[in-house]
Structures are given as structure tokens and as C-alpha cells.
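Encoded as C-alpha cells, the structure appears first; notes follow it.
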Amino acid sequence: MLEEDEMLDQDCLFCKIIQKKIPAELVFEDDQTLVFKDIYPKASIHLLVIPKKHVSGVTDPHSLVEINAIWSTINKVTEKLAIKDKGFRLVINSGHDGRQEVNHLHFHILAGERLKVL
Ligand code: 5GP
Ligand code: ZN
């Protein structure tokens, strides 16, 4: 088991949220993942799902290790918020052109309304 300081990047915004150094509206937490509300929501429900280990994004090979836990959390959270049946959208932004702002792997969950066609 890695120590916390080996798993986190002290300069990373989401690692600071994991450590509760920066407040966030938490929706769900377990050993491996955290879900909180996006500070600038782009839909009536806009959540961010992150691993509790610092992984820079979807192109980081370590992201593969986290994906099972993230998938399981997405299923639990959408069930809990009763949006599993109505539907939701998952978004991952990657890199400069994909407009990834925070280099800590995260899935956006957008829901609570009928979203625009991509
Ligand atoms: P990205 O563009 O990297 O895919 O998404 C980063 C997301 O983090 C953005 O949607 C942005 O609104 C959100 N965000 C940025 N800073 C904060 C913060 O301090 N707290 C929360 N809860 N969300 C943030
Ligand atoms: Zn991080």
C-alpha cells in the first residue's frame, strides 16, 4: 500500500480536494474514488468522478488501474441520484485540444435535463 504522499501531487487541485485542503461539495466517497459537484456546472447536475490516487489523465497508463473503481462508482452515484434510468452523459477532456484544465483523471457526469446533441 502506497503512503498518501506517494499517491498525491501536492500541486494538483483535485489532490487538494482529496486531502480536504480545498472544500468541495462531496456526493460520494469510498476507498478509491471521490465524487463532488463541479464548481461551474454546465448542466443541472454536473459531477466530477476522480480516483484518490493522482493519475494525470486518460492517457496516463495508470488510469487503466483505476477504471474498474471509477466505473463502479459511476453506477452507484447515478443510482443514488436516480439518474441511472433517465440517463446521463460521461465526458473526459484530454490534453490541450480537448481543453483538459485539471491534470488529474476525472469523468464529468452531466445529467438532470435533456442534454444538447453533441
Ligand atoms: P476539465 O476541463 O479539466 O475536464 O475539467 C475541470 C473541471 O473542474 C471544470 O469543469 C471546472 O469547472 C472544475 N473545477 C475547477 N476548479 C474547481 C474547484 O476548485 N472545485 C470544483 N468543485 N470544481 C472545479
Ligand atoms: Zn491530483
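Here are the numbers for the structure shown:
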item: ARG114, ARG89, ARG99, ranked by accessible area, largest first (probe 1.4 Å); result: ARG114, ARG99, ARG89
item: Cα gyration tensor of the chain - equivalent ellipsoid semi-axes, whole Å, descending; result: 23, 16, 14
item: Theoretical ellipticity at 222 nm over the chain - DSSP helices of four or more residues, -39500 (n - 2.57) apiece, nearest 500; result: -7000 deg cm²/dmol
item: Listed pairs LYS20/LYS116; LYS53/LYS76; LYS20/LYS80 exceeding 31 Å between Cα atoms; result: LYS20/LYS116
item: Listed residue (ASN103, LEU81, ASN68) projecting farthest to the positive dipole end of the chain, Cβ model; result: LEU81
item: Sparse-neighbourhood loop sites, GluC sites (Glu not before Pro) in segment 9-118 - DSSP loop, at most 12 other Cβ within 10 angstrom; result: GLU25, GLU101, GLU113
item: Solvent exposure ordering (accessible area, 1.4 Å, most first) of LEU118, LEU110; result: LEU118, LEU110
item: Dipole magnitude of the chain about its Cα centre (Cβ charges: Lys, Arg +1; Asp, Glu -1), debye to nearest 20; result: 740
item: Computed lengthening from TYR40 to HIS96, 0.36 nm per intervening residue step minus Cα-Cα distance; result: 18.2 nm
item: Positive-end extreme of charge dipole, segment 1-50 - chosen from HIS46, GLN19, PHE36 (charges on Cβ); result: HIS46
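The values are calculated or read from the model by the stated rules, or taken from the named source; none is laboratory data. Only a predicted model underlies this, so the values are computations on that prediction, with no experimental measurement involved. Heads up, the Cβs are rebuilt from the backbone with ideal geometry, glycines too, and the neighbour counts pull from every protein chain shown. Just so you know, the surface numbers come from the protein's heavy atoms only, side chains and all, with ligands and any DNA or RNA stripped out. Shrake-Rupley method; radii C 1.70, N 1.55, O 1.52, S 1.80 Å.
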